[in-house]
Amino acid sequence: MPLIDGYGVLIGDLRSYSCDNGNDPRQYYHCNIVVSARGRSYRCAVNLDTKKQGDALRWRVLKLERQDIEMVSALPEGWHAFDSSPGSGALDYLRSPELHPTTECRPSGTSEMGDIDCIPWQYGSSLDAFGDLEPVISNAARLYVYGEPFRIGRGVHNIHQNQGDPSGSRWSEENGTWQDGAIAGLQHSGEVLMFLSRFATQADSTDDQGRPISS
C-alpha cells in the first residue's frame, strides 16, 4: 500500500529552519524547514531521529546536475502531486538511475555510473545528519522537497525512504516503490545537492510492492 495521503514535491524558497531540542524522549528528532511558495508557508518535517543509536539513521548527499531533475526543475513553485511510477518525477532510492542504489563505496574504476558510486551512506548522531543537510538548504536558490503532504495544514513529511520497512512494523503498510522522500537544493552554481535518508531497519532491496527482499 502506498503513502496514505499521496506523494509529490514541494518547490519553493527557504524561509527558515530549526531543529527540535532532542530532550523529549517521547518525540522523534525532527528538523523543520519552512518553505515559501506562492505567498504561502509550508512546514517540511525532516525526521533525523537516531533512537540514540549510532547506526539507526543513514544518510548521504549526492551532487547532481540540474538536468538530473530536469522534469521537476521545470515546474513552477508550489506543491505538485506525482504518480508513484517512473517518469512521473517521483524518486526511488533503489530504482532511479540518477540516484543509483549503491550502499557501499566501490573501488575506483569499477563502475560506469561515475562518482555517485563512491558516495557511501553515512551514519552517526542526529546533529551529524543535520550538519550534512544544512549546506543543502542554507545556500539554495530553490528547494525541492519530496515526500507526503500533511493531512491537515500545509507541509510535507515522510521525507526519507518510504519502502523496505519490515513486515509487521507500524510503517510496513505504507511500503511502496517510486515514493521516496528527499530534499534537493539547487545551488547558485547550477549544481544540485540532494539529501537522502533512510533507517537501518529499512531494506536496501525490495520487490515491486516496496516490500523487503531477504538477502
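Each reported figure results from applying straightforward, stated rules to the coordinates on display, with no laboratory input. Because the structure is predicted, anything quoted here is derived from the model rather than measured. Cβ sites come from the backbone with ideal geometry, for glycine too, and all protein chains shown count toward neighbours.
Odds and ends about this structure:
- For the chain, share of DSSP beta bridges that run antiparallel, in % to the nearest 5: 95
- Of all the options 96, 167, 73, the one that moves most in a Gaussian network model of the chain with Cα springs shorter than 10 angstrom is 167.
- Cut-off under 5 Å, modelled amide H: who pairs with residue 206 long-range: 213
- Scattering from the range 145-215 was approximated by placing one identical point on each alpha carbon and applying the Debye formula without solvent; log10 I(q)/I(0) at 0.13, 0.16, 0.25 1/Å stands at -0.44, -0.62, -1.08.
- If R0 equals 22 Å, the separation of the Cβ atoms of residue 16 and residue 38 corresponds to a calculated FRET efficiency of about 0.80.
- The chain: relative contact order as a whole-number percent, Cα under 8 Å and 6+ apart: 28
- On the basis of the beta-carbon distance and an R0 of 30 Å, residue 63 and residue 208 show a calculated FRET efficiency of 0.50.
- With contacts taken as Cα pairs under 8 Å and at least 6 residues apart, the range 144-215 reaches a relative contact order of 33 percent.
- Only helices enter the 222 nm calculation for the chain: every DSSP H run of n ≥ 4 contributes -39,500 (n - 2.57), and dividing by all residues gives -2000 deg cm²/dmol, rounded to 500.
- In the range 8-199, Rg over Rh equals 0.94, where Rg is the alpha-carbon radius of gyration and Rh the Kirkwood radius from pairwise Cα distances.
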